[in-house]
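> Quick one: the structure is below, questions incoming.
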Amino acid sequence: MPPPDDEQDPDWQMTVNLLAIVAVLALLGLGFWLLRELNESRKAQDCLSSGQRSCRQIRTL
(Lines give C-alpha, C1' and ligand atoms only; values in the text may rest on other atoms or scores of the structure.)
Protein backbone atom coordinates (compact mmCIF):
# COMPACT_ATOMS: atom_id res chain seq x y z
CA MET A 1 0.00 0.00 0.00
CA PRO A 2 1.51 3.40 -1.00
CA PRO A 3 2.03 6.04 1.69
CA PRO A 4 -0.53 8.81 2.02
CA ASP A 5 0.02 11.97 -0.03
CA ASP A 6 1.09 14.03 2.98
CA GLU A 7 4.03 11.69 3.71
CA GLN A 8 6.88 11.84 1.19
CA ASP A 9 10.04 9.81 0.92
CA PRO A 10 12.85 11.71 2.73
CA ASP A 11 15.38 10.80 0.01
CA TRP A 12 13.13 12.20 -2.70
CA GLN A 13 12.51 15.33 -0.65
CA MET A 14 16.28 15.85 -0.23
CA THR A 15 16.81 15.40 -3.97
CA VAL A 16 14.14 17.97 -4.78
CA ASN A 17 15.62 20.40 -2.25
CA LEU A 18 19.11 20.00 -3.73
CA LEU A 19 17.76 20.57 -7.23
CA ALA A 20 15.98 23.70 -6.04
CA ILE A 21 19.20 25.01 -4.47
CA VAL A 22 21.14 24.34 -7.67
CA ALA A 23 18.48 26.13 -9.71
CA VAL A 24 18.53 29.16 -7.40
CA LEU A 25 22.34 29.32 -7.48
CA ALA A 26 22.31 29.08 -11.29
CA LEU A 27 19.80 31.94 -11.49
CA LEU A 28 21.89 34.05 -9.13
CA GLY A 29 25.00 33.38 -11.18
CA LEU A 30 23.23 34.30 -14.42
CA GLY A 31 21.85 37.45 -12.82
CA PHE A 32 25.31 38.49 -11.61
CA TRP A 33 26.80 37.86 -15.06
CA LEU A 34 24.02 39.84 -16.73
CA LEU A 35 24.50 42.80 -14.40
CA ARG A 36 28.25 42.84 -15.13
CA GLU A 37 27.64 42.72 -18.88
CA LEU A 38 25.08 45.53 -18.69
CA ASN A 39 27.47 47.62 -16.60
CA GLU A 40 30.29 47.14 -19.14
CA SER A 41 27.91 48.03 -21.96
CA ARG A 42 26.80 51.18 -20.15
CA LYS A 43 30.41 52.24 -19.60
CA ALA A 44 31.18 51.70 -23.29
CA GLN A 45 28.12 53.72 -24.31
CA ASP A 46 29.10 56.55 -21.95
CA CYS A 47 32.61 56.57 -23.38
CA LEU A 48 31.40 56.61 -26.98
CA SER A 49 28.82 59.31 -26.32
CA SER A 50 31.52 61.52 -24.79
CA GLY A 51 33.36 61.50 -28.13
CA GLN A 52 36.38 59.45 -27.16
CA ARG A 53 37.84 57.05 -29.70
CA SER A 54 39.82 54.71 -27.46
CA CYS A 55 36.91 53.32 -25.47
CA ARG A 56 37.53 49.65 -26.02
CA GLN A 57 40.08 48.05 -23.72
CA ILE A 58 42.35 45.37 -25.11
CA ARG A 59 42.87 42.56 -22.64
CA THR A 60 46.33 41.07 -22.45
CA LEU A 61 47.28 37.73 -21.01
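The values are calculated or read from the model by the stated rules, or taken from the named source; none is laboratory data. Just so it is clear, the structure is predicted and the values come from calculations on it, not from any experiment. FYI the Cβ positions are ideal-geometry reconstructions off the backbone, even for glycines, and counts take in every protein chain you see.
> Would you mind stating whether W12 is assigned to a helix (DSSP H, G or I), surrounded by 10 or more Cβ atoms within 10 Å (Cβ to Cβ) and modelled with pLDDT of 85 or more?
No; evaluated as a whole, the condition is false for this residue.
> Also, quick follow-up: What are the residues in the stretch 22-59 that are within 26 Å of the chain's Cα centre (by Cα), of a type in the set (S, T, N, Q) and modelled with pLDDT under 85, if any?
Of everything in the stretch 22-59, just one residue is within 26 Å of the chain's Cα centre (by Cα), of a type in the set (S, T, N, Q) and modelled with pLDDT under 85, namely Q57.
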